[in-house]
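Enquirer: I'd like to ask some things about the structure below.
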Amino acid sequence: MRRDGELPLAVPDARVLRVLTRTMRALLCLLVAAVVTAGAGQSPELPVFSSQSAELVVLPVTVVDDDGGFVSDLPRASFTVYDDDRAQPVALFSNEDTPVTVGLVIDSSSSMGGKMGEVIVAALAFARTSNPEDEVFALEFNDGVRDAIPGAPLFATDLARLQRALASMRPEGRTALYDAVVAGLNRVGQGTRPRKILILISDGGDNASTTTRDEVLERARGADATMYTIGLFTDHDLDRDVGVLKKFARATGGQTFLPRAPADLLADCRRIAREIRAGYTIAFVPPEHDGSYHRVRVAVQSERKLHVRTRPGYVAGRAPD
């Protein structure tokens, strides 16, 4: 349901109009295909936008007040997008609760043995709080990475199947955290929902991956997924690496949570779900198609003191030859 207060779009300039025309044609084709597919008894697919595309850069945006409450009723006219400090026209805007593709990337190394129960409870609480049409997959990692839900992702409402998948995880071995993040980014990119989310839950630093931290950061900066990282650390964890969890989250516009008790973990997972549903989706036409990294900033004009978070940048696609 659309929120009150949304203003009509301003008339776009010729460059934006050309891109919007091509985008609307693509959406129309996808809508026709979805109707045909639904008529055949299959689930329709939603359109996917990518920062790697030369068409539009899509930004998930979260706005909160001084008390940390979500602000989800701002009109389009309140937002200004800056690409390398240059203001850009907003081509598409939505403040609706749209479904996302979300991946749960869960540490199942031996040190997680006493924590898996609280992780399962928190993950199920996340699913219950999510949009019912969210598609969900789960990866577990220790010495390697395993798909805990083989085949097609499940819907957030399929709690029984999700619980079985999480209960199948057996804590053992070391921590291939970096390999797991790359696997999660690859998998979430295959999702059918316009927005992509990864939730990484771990209690230690990496000690088993073939991928390096810098390789993961480069991959994350070029992806269209937002990462939320949760560190289940104690003061006695010698291999804890809070810094790398924060870097992954900052690079993608997400947040890091460090719960101290099972109740905190439960509350954090519910908050992540609410944040996803209360967010905005803003798209603009990239000013250059140069294949380089562009820094992005979103500003909000309001009489209230508000705080805005989005991904810090994107890798521009290259124009076709």
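Enquirer: Of the residues SER111, SER78, which is at pLDDT 95 or above, farther than 25 Å from ALA223 by Cα and among the polar types (S, T, N, Q)?
Expert: Values: SER111 fails: at pLDDT 95 or above.
Testing whether each residue is at pLDDT 95 or above, farther than 25 Å from ALA223 by Cα and among the polar types (S, T, N, Q) leaves just SER78.
Enquirer: Need at least 2 residues that are among the β-branched types (Val, Ile, Thr) and buried (at least 18 other Cβ atoms within 10 Å of the Cβ) per element, so show me which strands (runs of 3 or more DSSP E) inside segment 72-122 make the cut, counting only ones lying wholly within it. First the steps, then the outcome.
Expert: Values: elements: 79-83, 86-88, 90-94, 100-107.
Where strands (runs of 3 or more DSSP E) fall fully within segment 72-122 and carry at least 2 residues being among the β-branched types (Val, Ile, Thr) and buried (at least 18 other Cβ atoms within 10 Å of the Cβ), they are 100-107.
Enquirer: For segment 113-149, which positions are closer than 20 Å to ASP268 by Cα and of a type in the set (Phe, Trp, Tyr)?
Expert: Selection gives PHE126, PHE137.
Enquirer: Filtering segment 168-198 down to residues that are hydrophobic (A, V, I, L, M, F, W, C) and closer than 19 Å to GLY243 by Cβ, which residue is nearest to the chain's Cα centre (by Cα)? Don't jump to the end; show me each part of the working.
Expert: First, the residues of segment 168-198 that are hydrophobic (A, V, I, L, M, F, W, C): 169, 176-177, 180-183, 185, 188, 197-198.
Add one more test, that the residue is closer than 19 Å to GLY243 by Cβ, and what stays is 176-177, 180-182, 198.
On the way: ALA176: 21, LEU177: 18, ALA180: 16, VAL181: 13, VAL182: 14, LEU198: 5 Å.
Filtering segment 168-198 for residues that are hydrophobic (A, V, I, L, M, F, W, C) and closer than 19 Å to GLY243 by Cβ, the one nearest to the chain's Cα centre (by Cα) comes out as LEU198.
Enquirer: Looking at segment 172-216, which of its residues are farther than 14 Å from ASP107 by Cα and small (Gly, Ala, Ser)?
Expert: GLY189, GLY191
Enquirer: Taking segment 292-311 as the region of interest, how many residues are assigned to a loop (DSSP other than H, G, I, E, B) and either buried (at least 16 other Cβ atoms within 10 Å of the Cβ) or not assigned by TED's automatic domain parsing to the domain that holds VAL81 (or both)?
Expert: The qualifying residues number 2.
Enquirer: Kindly indicate whether ASP224 is surrounded by fewer than 21 Cβ atoms within 10 Å (Cβ to Cβ) and either over 20 Å from VAL63 (Cβ atoms) or not basic (Lys, Arg) (or both).
Expert: Values: surrounded by fewer than 21 Cβ atoms within 10 Å (Cβ to Cβ): no; either over 20 Å from VAL63 (Cβ atoms) or not basic (Lys, Arg) (or both): yes.
Spelling it out, it is not the case that ASP224 is surrounded by fewer than 21 Cβ atoms within 10 Å (Cβ to Cβ) and either over 20 Å from VAL63 (Cβ atoms) or not basic (Lys, Arg) (or both).
Enquirer: Quickly run through segment 99-126 and pick out the residues that are touching an Asp or Glu at 6+ places or on another chain (Cβ under 7 Å) and over 24 Å from GLY144 (Cβ atoms).
Expert: PRO99, VAL100
Enquirer: I've got another one for you. Name the single residue, out of those in segment 133-167 being modelled with pLDDT under 95 and farther than 21 Å from TYR228 by Cβ, that is nearest to the chain's Cα centre (by Cα).
Expert: Here the residue is ALA152.
Enquirer: If you go through segment 273-291, how many residues are surrounded by fewer than 21 Cβ atoms within 10 Å (Cβ to Cβ) and either of a type in the set (Val, Ile, Thr) or without any contact (Cβ under 8 Å) to a residue 12 or more places away in the chain (or both)?
Expert: Residues that pass the stated criteria total 1.
Enquirer: Restrict the check to segment 198-221 and report whether at least one residue is out of contact with any Gly (no Cβ under 9 Å at 6 or more places or on another chain), surrounded by 21 or more Cβ atoms within 10 Å (Cβ to Cβ) and among the aliphatic types (A, V, I, L, M).
Expert: Yes, segment 198-221 contains a residue that is out of contact with any Gly (no Cβ under 9 Å at 6 or more places or on another chain), surrounded by 21 or more Cβ atoms within 10 Å (Cβ to Cβ) and among the aliphatic types (A, V, I, L, M).
Enquirer: Another one. Quick one: ASP143 ticks every box in (1) part of a strand (DSSP E or B); (2) in contact with a Gly (Cβ under 6 Å, 6 or more places away or on another chain) bar one, so which box is it?
Expert: (1)
Enquirer: Next question, about the same structure. Would you check which residues across segment 154-188 are without any contact (Cβ under 8 Å) to a residue 12 or more places away in the chain and among the polar types (S, T, N, Q) and list them?
Expert: Correct list: ASN186 only.
The values are calculated or read from the model by the stated rules, or taken from the named source; none is laboratory data. Nothing here was measured: the structure is a model prediction, and the numbers come from that model. Note that each Cβ is placed from the backbone with ideal geometry, even for glycine, and that neighbours are counted across all protein chains shown.
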